[in-house]
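For reference, the structure is listed below as structure tokens.
The values are calculated or read from the model by the stated rules, or taken from the named source; none is laboratory data. Given the structure is predicted, the values throughout are model-derived calculations rather than measurements. Here the Cβ positions follow ideal geometry from the backbone for every residue, glycine too, while neighbour counts run over all protein chains shown. Accessible surface areas use protein heavy atoms only, side chains included; no ligands, DNA or RNA. Shrake-Rupley method; radii C 1.70, N 1.55, O 1.52, S 1.80 Å.
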Amino acid sequence: ATAADEVVRARFSGVPCAVRPTPQAAMASSAAVAVVFGRPEILEACWECLGPTDLVRCRAALPADQCRLLRRQVLLALARPIDRSSGGTLLEAAAVATSIIFYADHSLSPVRSSALRVLPRSGPRGDGDAALRAVVLRLEDEACEVRLDALDILPLVAASASDDGVADAAIAVMMKASLKRDASLRRAALRTVSRLACRLGDRLPEFLEAVASCLEDRDASVRRAVGEAMARLVEGRCCRLAVETLAPNYVGHLRIEVRAAALHALGEVARGRADVQAVILAVERLEDAQASVRCAAVEAVAALAGRSVPAATSAVAVCLGDSDASVRLAAGQALPALAIRGDETVVGPILERLGDDLARNRVAALQALSHLAAGGDEVVIAAVAARFEDTIEDVRNAAVSTLVQLASRGDPTAVPCLVEFLRHKRAPVRCVAVRGLAQLTAPCDIKAATAVVGRVADVDGKVRREAEMALLELARIAEPDCHEALVQTVAKFIGNSNADIHRSAVSGLARVVGGGSVSAMSAVVSHLGLGWKEMLHGAVQKLPRLRRRGDAAAISAATACFQHCAADVRCAAVQVVADLADQGDLVATAALVGRLRDDNATVRAGAVAALPQVTGAFADVYVSDAVLGRLRDGNPTVRCSALVTLPRLVKCGNRAAIDGALGCLKDEFADVRKSAVRSLGDLAPRGDKKVLQAVLEATNDRDAAVQNAAAFTLGRLEERHSPAGGSCATRHALSAPTLAHSLPALASSW
């Protein structure tokens, strides 16, 4: 636009403004040039400033041009001014719409498709009926994509057409689509007509009949689409009209597939409305000679009746004894939507189907019982439990699921029955029995619980895995006595000579440990490898939150973790023992002292730091000697920890501790020397000149942190040594950390 304005000013600088061409006119010329020479980028840059008339003029050059992109851009440009509702008169708008319709009949199919896609943008100012007729004509197009595009945009174009035009177009759609061999086109036609339902008015019955006639289509997908189309046409307003359309001619049609499709359509049209006429029509077809029709009738009754028509429920229940397996399956799947829980008239026939020849029918019967049988019904529970011996795995799994829904934990009928199955000769039966008992055993039933987890020693691997999962579930809900019994039962198998049984026992108890079980932790921790490190570490850290201080079982479980191969687990166990043990606990103290010889330095340092929490102040010689021995440890972190811990274990003036700290002043690591200086400040008695001299020498250490620590310690020792406490200035100078350059003056004043 800027370039066009500059061109006008340069070319017509001497011409009065009243007769000078406008920049828009210059851009219209540029658009024409773009069309003629096939330059779409020019057209794209200037089309927004073009009016409808200019664009119609540009159209004239297009038929001779072979650039598809350019044709597409001109078509979009033609629609844009109308879509923006700006510029142009009604005459110009009509010209634009006519231009787009012109391209809908172009010789190239991509051009026709583009024209159809932009046609809805011509808006209400265009000739809607003419556009609608142009779209309908494209239904006979030789290109399939053009026909499908026409069906897609027809409802959009119909928005600007008259009701009569829409109705005529819908009739034309149905007629033209029925003549095509392409089933996808006929399905698209049904969808298109259903989208025009609100514009059909009094002609709705005519269209219902036209749509219903597609039930006789040769393609099954088209017949199935009729139900959705009719349901959308009536939208609950004229349900009875749709039922009457289907009733005489199609539900009782001579062709089998037509009757089945009509029943499906009947269910879609009157779904959930309990329409008596529709229900009667569907129930009558339950006695049809063809199994496929009876299946469709069962599904239709389920969709139509719901739980409000008891007679329909009874009729479907009779189908459980049908000679055809597919009908029995459909009836079993439909009954939960029709009957209420505990209905004996329905439960009885379903129980008879548990012995059906086909496995899928037995599964359907079990699933129906889970929705319909009363909870705790002994007869039903016994019948379902008997299916545990079924030869098909899907049936056994369905039986477990159904039994869990019907019986409660500790059920007096289900639990003893399942316990008997634990000794069954077939492994799959034992497997489902273990799974069922895991969900039905009461928290206090020690006998049943131990019988279940005892299957970790089963000869079959699947049974052992189910027993591991059952142990985890039962240990979570069991009462304390039952929990201990479970752990002890499984722990007996840890030493089994069979490697698979040993592995199952260890794995099962390890899962229980993850929940914070101290008894399981004590029993299995020595058998857990590095693969269980993360789980065991998390379980150990849970103990302080789950157990109170002084809990002997928890402390014992944590000390048992001292034997684990992972250092992280041992470190966590050390801290847990310190958190849980009471002061003076000899067992915890002995366990921590034992960790002073651990092969991991972090564990040794943690044990040293934890000892004061357990022993309290002024521990006995055994503990203090053990900590003094760590001053010669090969790891500097352990030596630092021992130096920090010693003042909390021994009394001030303990000679052995002082000598040990003095020896560490010559350590090669600065952190150790600094810890030794600070430790001497707490250990040295009043007037100990040997300590004063050693600390004074430390003020000349090569490390600045050691020098500052020595200066601070000198201040503490001076206050302790002077009877009068010295002057305020002297005490302040000696007690505050000083910089290294002031240390010589401090030494001379001392």
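Could you tell me how many of the residues in region 646-700 are over 19 Å from SER624 (Cβ atoms), among the polar types (S, T, N, Q) and buried (at least 19 other Cβ atoms within 10 Å of the Cβ)?
Count: 1.
What are the pairs, 6+ residues apart or on separate chains, where a residue within region 666-680 that is over 17 Å from ALA605 (Cα atoms) and in a helix (DSSP H, G or I) has its Cβ under 9 Å from a residue that is open to solvent by less than 10 Å² (accessible area, probe 1.4 Å) and polar (S, T, N, Q)?
VAL677/THR713; ARG678/THR713; LEU680/THR713
Right, VAL400: open to solvent by 10 Å² or more (accessible area, probe 1.4 Å), touching a helix residue (DSSP H, G or I) at 6+ places or on another chain (Cβ under 6 Å) and either over 16 Å from GLY355 (Cα atoms) or at pLDDT 90 or above (or both) or not?
Criteria not met by VAL400.
Out of region 499-516, which residues are touching a residue at least 40 places away in the same chain (Cβ under 8 Å) and surrounded by fewer than 24 Cβ atoms within 10 Å (Cβ to Cβ)?
ILE501, ARG511, GLY515
Looking at ALA520, ALA554, ALA578, which is the one that is among the aliphatic types (A, V, I, L, M) and closer than 30 Å to ARG632 by Cβ? First the steps, then the outcome.
Details: ALA520 fails: closer than 30 Å to ARG632 by Cβ; ALA554 fails: closer than 30 Å to ARG632 by Cβ.
Only one candidate qualifies: ALA578.
Kindly indicate whether any position in region 446-462 is charged (D, E, K, R), surrounded by fewer than 22 Cβ atoms within 10 Å (Cβ to Cβ) and either part of a helix (DSSP H, G or I) or touching a residue at least 60 places away in the same chain (Cβ under 8 Å) (or both). Reasoning before the result, please.
As a first pass, look at region 446-462 and keep what is charged (D, E, K, R): 447, 455, 458, 460, 462.
Narrowing the set further to residues that are surrounded by fewer than 22 Cβ atoms within 10 Å (Cβ to Cβ) leaves 447, 458, 460, 462.
Now restrict to residues that are either part of a helix (DSSP H, G or I) or touching a residue at least 60 places away in the same chain (Cβ under 8 Å) (or both): 447, 462.
The answer is yes, given that some residue of region 446-462 is charged (D, E, K, R), surrounded by fewer than 22 Cβ atoms within 10 Å (Cβ to Cβ) and either part of a helix (DSSP H, G or I) or touching a residue at least 60 places away in the same chain (Cβ under 8 Å) (or both).
Output the residue which, of all residues in region 576-599 that are in contact with a Lys or Arg (Cβ under 7 Å, 6 or more places away or on another chain) and not in a helix (DSSP H, G or I), is surrounded by the most Cβ atoms within 10 Å (Cβ to Cβ).
Among residues in region 576-599 that are in contact with a Lys or Arg (Cβ under 7 Å, 6 or more places away or on another chain) and not in a helix (DSSP H, G or I), the one surrounded by the most Cβ atoms within 10 Å (Cβ to Cβ) is ASP598.
Of all residues in region 322-363 being outside any loop (DSSP other than H, G, I, E, B) and among the polar types (S, T, N, Q), which is surrounded by the most Cβ atoms within 10 Å (Cβ to Cβ)?
By that ranking, first place goes to ASN361.
I'd like the residue in region 565-575 that is within 11 Å of HIS537 (Cβ to Cβ) and part of a helix (DSSP H, G or I) and, out of all such residues, is most open to solvent (accessible area, probe 1.4 Å).
Applying the filter and picking the extreme gives ASP568.
Look at region 90-113 and say how many of its residues are in a helix (DSSP H, G or I) and modelled with pLDDT under 75.
15
Based on this model, can you work out whether LEU631 counts as touching a residue at least 12 places away in the same chain (Cβ under 8 Å) and surrounded by fewer than 17 Cβ atoms within 10 Å (Cβ to Cβ)?
On the way: touching a residue at least 12 places away in the same chain (Cβ under 8 Å): yes; surrounded by fewer than 17 Cβ atoms within 10 Å (Cβ to Cβ): no.
Criteria not met by LEU631.
Could you give every pair whose Cβ atoms fall below 7 Å, whose first residue belongs to region 393-422 and is among the aromatic types (Phe, Trp, Tyr), and whose second residue is assigned to a helix (DSSP H, G or I), counting only separations of at least 6 or pairs across chains?
Filtered contacts from region 393-422: PHE421/PHE388; PHE421/VAL429; PHE421/ARG430; PHE421/ALA433.
Of ARG307, ARG223, ARG285, which residue is part of a loop (DSSP other than H, G, I, E, B) and in contact (Cβ under 8 Å) with a residue 12 or more places away in the chain?
ARG307
Cβ-Cβ below 7 Å, separation at least six or inter-chain, first residue in region 522-546 and within 25 Å of LYS492 (Cα to Cα), second open to solvent by 50 Å² or more (accessible area, probe 1.4 Å): which pairs?
Final answer for the pair search is SER522/SER556; VAL525/GLN563; SER526/GLN563; GLY529/CYS565; LEU530/CYS565; LYS533/ASP568; HIS537/ASP568.
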